[in-house]
Amino acid sequence: MSSTPLRPPAVSDVGGGGPSSPQGRAWPGTFDAPVTVERVWTDFVAGLPDPAERQALARALAFARARHGSQFRRGSDTPYWVHLVRVAMELARWGETSPVLLQAALLHDTVEDTQTTVGEIRTGFGPEVADLVDWLTAPEDADAQREYYARLQANAPFEAQLLKLADRVDNLRSIQALVMRTGERYRRWAGAYLRRTVWQVLPLAAGAPSVARVALVTAMADLAPLVDEGGFTEP
């Protein structure tokens, strides 16, 4: 299975503009095309040998799509579920195919971004999935976020940390694609998000498999030339 359609190109792969300018760069049209993402996911699930695992993943994605409803990714007309599938596929590319982890990947934003409760996830998908979704649910308050990421780095189980890494990798790639498409509109916001990644998520990479570390650092490096002159420095 090729992973290329689910990733935007690296900055070095596209022409136009200077190293710190998003103008003139190619917009990766297949990156978030629902038909492409759904095809790759369908092929992946169909290849799983256990019918119960295939059914569990189908239930999780159906639930997530229903709960996220008409939500779209920031600055685009990409349905929100596309992000959820890409996160699950990122974990699969890292060799992580635990049914619990992949279900949690599909459901990881339901509590944070919809009216769903952790209790509903526990009832519908079991305590292991619910605990991972709970770990992935960040508070909105800035001070509370500091505490949340400190707990995540110090106390979260390995699977939750790995899921957070995959989530952030896909967010960074989505933001890269967004800036490539829209230019200055989201550039400063994207730069702030990149700098937050340094203290929020980069520490998790220290204990992660090398494939996950490389994915995160590469996604950060690909976004950096497109945003404001902060690089990886925390403001």
- Message: Full-extension gain between GLU184 and ALA138, please, as 0.36 nm times their residue separation minus the C-alpha to C-alpha distance.
- Response: 13.8 nm
- At a 1.4 Å probe radius, carbon and sulfur cover how many percent of the accessible area of segment 57-205? 48
- Query: Using the alpha-carbon atoms, what tilt in degrees (0 to 90, nearest 10) does helix 81-93 show relative to the longest principal axis of the chain?
  - Reply: 90
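What accessible area per residue, rounded to a whole number of Å², is obtained for segment 84-235 using a probe radius of 1.4 Å? Working shown, then result.
Details: 6000 Å² over 152 residues.
With the other protein chains kept in place, segment 84-235 gives 39 Å² per residue.
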- Note on the structure: Reduced to Cα centres, the span from segment 155-184 to segment 31-50 in Å works out to 20
- Note on the structure: On each of the three principal axes the extent of the alpha-carbon atoms of the chain, given in whole Å and largest first, is 50, 39, 34
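Where does the chain land at 222 nm, in deg cm²/dmol rounded to the nearest 500, when only DSSP H runs of n ≥ 4 count, each adding -39500 (n - 2.57), divided by all residues?
Numbers: 11 runs with 141 residues, N = 235.
The helix contribution divided over the chain gives -19000 deg cm²/dmol.
Could you tell me what % of all Cα pairs in segment 108-155 have separations over 12 Å? Write down the numbers at each step before the final one.
Values: 700 of 1128 pairs.
Tail of P(r) above 12 Å: 62 percent of Cα pairs.
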- Report the Stokes-Einstein translational diffusion coefficient (µm² s⁻¹, integer) for segment 133-185, Rh taken as the Kirkwood radius over Cα pairs, at 10 °C with viscosity 1.306 mPa s. 127
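The values are calculated or read from the model by the stated rules, or taken from the named source; none is laboratory data. Since we're looking at a predicted model, the values are computed, not measured. Keep in mind that these areas ignore ligands, DNA and RNA; they rest on the heavy atoms of the full protein, side chains included. Shrake-Rupley method; radii C 1.70, N 1.55, O 1.52, S 1.80 Å.
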